[in-house]
Structure formats: structure tokens, C-alpha cells
Amino acid sequence: MRLHFNPGLWPSLAAAALFLLFIRLGFWQLDRAEEKQALQTSYHDHINAEPVNLVEAVRLRDQAQQMHWRRCILTGSYDPQATYLLDNQVLRGVVGYQVFSRFVLEDGTSVLVDRGWTAAPGSRSEAPQINTTAAPVTLTGVAKPVPVGGIKLADDITEKMGNNLVRVQRVELAQIAAETNRTLLPYVVRLDPAAPGALTWNGAEPGFGRERHLGYAYQWFALAATLLVIYLVVNTKKRAA
């Protein structure tokens with residue numbers, strides 16, 4: 001007995017197309033993993049760099065990509081008339097709000113600060129108790145991209161509550177700037193837990209997902225290898241010598 005390999009034309013073309021597709025998807029996932037690795041490296045470079053004083057770093061502070069995940073120092077005062085509650089934020093099973101306040105630097109520049117999480121009262125009509133001092137303070141935190149959570153509606157709805165609080169479904173810097181008649185820096189600053197005015201800390205390092213993409217790449221390459229083995233086995237027959 002000897003082995004005879006005799007594949008058909010159309011099955012071979014179909015198998016070749018699938019094999020190339022699986023290989024291409026595998027390399028695409030490897031490229032995505034490299035992109036996530038670059039983001040992760042940039043994050044660690046920024047988070048470990050010397051803190052940026054936003055009052056002094058005038059040329060740098062309005063460059064969002066350069067400021068994302070940079071530690072920073074803010075000197076100025078909260079605007080007690082502009083505090084926003086990002087709705088539907090759950091922490092350890094408790095529904096609450098992510099609290100954002102406008103902070104005015106010493107030179108008049110404004111930035112939105114993420115003060116942390118607070119629990120929601122039992123009634124939707126009741127406003128949480130959030131104390132905001134107007135006294136000059138120095139804050140420390142990390143600049144980060146504007147959160148993308150929430151539902152995008154045709155017309156963004158803001159609900160004015162008591163104590164100068166506004167409940168929002170999304171954080172829209174342009175809308176907040178228009179309402180306060182002040183331009184905002186193109187990112188938010190997540191306060192450190194010990195910073196004046198900080199609430200319940202719920203910050204975490206961003207997830208980059210490099211390992212997930214590597215896992216997907218392995219799966220696609222494994223499928224390509226499996227397809228090749230099946231193709232060879234199915235099209236190889238034993239014949240008498």
C-alpha cells in the first residue's frame with residue numbers, strides 16, 4: 001500500500017482561500033497586539049514622567065495626546081456653580097454618579113476634574129450631598145481622555161438638580177463649555193484619592209487588551225493549521241502498490 005494525493009480543483013481553491021483568510025486574520029491580530037503594546041508603553045512612559053504643572057506648561061497643556069495619562073498639578077479653585085453628575089455609574093453593586101467639577105487655574109484656564117464616585121440617593125429627584133469649596137487649592141491627578149460612557153441621544157439632556165448640580169448622560173466638553181461660557185482643556189483630570197474635593201476612588205489603569213489579541217491570533221493560526229491537516233488527510237488515499 002502506498003499513499004496517493006489527489007485533491008479536487010474546487011475543494012482545493014476553497015481550502016486555499018480559507019487558509020489564506022485565517023493566516024491574514026492571525027497577522028491582523030498580531031498587528032493589533034503591537035498597537036496595544038505601543039499604547040501600553042506610552043501610558044507607562046507618561047504616568048511615570050515628571051508631573052506637569054498646568055499653570056506653567058502653557059504650550060503643552062492643550063495638546064490632548066501629549067497630556068493623556070500624564071500626572072499633573074493644578075493650582076486654582078473649583079467653580080461651585082458647575083458640578084456634573086454622570087448618571088448610571090455602579091460601584092460594587094451600588095448605583096451612583098461619577099462627579100465632575102469645573103476647575104479654574106490661576107491664569108483663568110478651565111479644566112474638568114473627575115472627583116470620583118458618589119452613591120445616588122434613593123429617589124431620582126433627590127440630589128446627593130457634594131461639598132465644593134471655592135477656596136484656592138492645589139490638586140494632583142492624572143490627565144485622561146474624556147469618558148465615553150453613556151447613551152448618545154439626538155439632543156443631549158441635562159437635568160438641573162439642587163445644590164448647583166447637573167445630571168448628564170454623557171460628558172460633553174463642548175456642551176459644558178457653552179453652558180459655562182468658558183473653554184475647557186481637551187481632557188479631564190482624574191484626581192488622586194487624597195486631593196482636596198476628591199470623593200470615593202474608583203480609578204483603575206486602562207485596559208489595553210494586548211494578551212487578548214495574541215490569543216485571537218493563536219486561534220486563527222490554529223484554525224489555519226487544522227484546515228491544512230484536514231485538507232491533506234481528506235485528499236490522501238491508500239492505494240495498492
Under the condition of being among the hydroxyl-bearing types (Ser, Thr, Tyr) and open to solvent by less than 50 Å² (accessible area, probe 1.4 Å), which residue from the stretch 160-208 is nearest to Ile73 (Cα to Cα)?
Tyr187
Going by the conditions given, is Val95 closer than 19 Å to Val171 by Cβ and open to solvent by 70 Å² or more (accessible area, probe 1.4 Å)?
yes
Report yes if some residue within the stretch 23-37 is farther than 30 Å from Gln169 by Cβ, among the basic types (Lys, Arg) and out of contact with any Asp or Glu (no Cβ under 7 Å at 6 or more places or on another chain); otherwise report no.
yes
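Could you tell me whether any residue of the stretch 87-105 is at pLDDT below 90 and over 22 Å from Pro206 (Cβ atoms)? Give the steps one after another, and end with the answer.
Kept after step one, since they are at pLDDT below 90, are these residues of the stretch 87-105: none.
No: the stretch 87-105 contains no residue that is at pLDDT below 90 and over 22 Å from Pro206 (Cβ atoms).
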Subset of the stretch 20-49 [modelled with pLDDT under 90 and more than 15 Å from Pro206 (Cβ to Cβ)]:
Ala49
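Residue by residue, here is whether (1) out of contact with any helix residue (DSSP H, G or I) (no Cβ under 8 Å at 6 or more places or on another chain); (2) crowded, with 16+ Cβ neighbours inside 10 Å; (3) in contact (Cβ under 8 Å) with a residue 40 or more places away in the chain holds:
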site: Leu3; (1), (2), (3): yes, no, yes
site: Leu9; (1), (2), (3): yes, no, no
site: Ala15; (1), (2), (3): no, yes, yes
site: Leu21; (1), (2), (3): yes, no, no
site: Asp79; (1), (2), (3): no, yes, yes
Of the residues in the stretch 215-233, how many are under 21 Å from Arg2 (Cβ atoms) and either surrounded by 12 or more Cβ atoms within 10 Å (Cβ to Cβ) or not β-branched (Val, Ile, Thr) (or both)?
2
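The values are calculated or read from the model by the stated rules, or taken from the named source; none is laboratory data. Quick caveat, the model's predicted, so the values are computed rather than measured. Note: ideal-geometry Cβ built from the backbone for every residue, glycine included; neighbour counts use all protein chains shown. The protein model used for the area step is the full one, side chains on, heavy atoms only, and it has no ligands, DNA or RNA in it. Shrake-Rupley method; radii C 1.70, N 1.55, O 1.52, S 1.80 Å.
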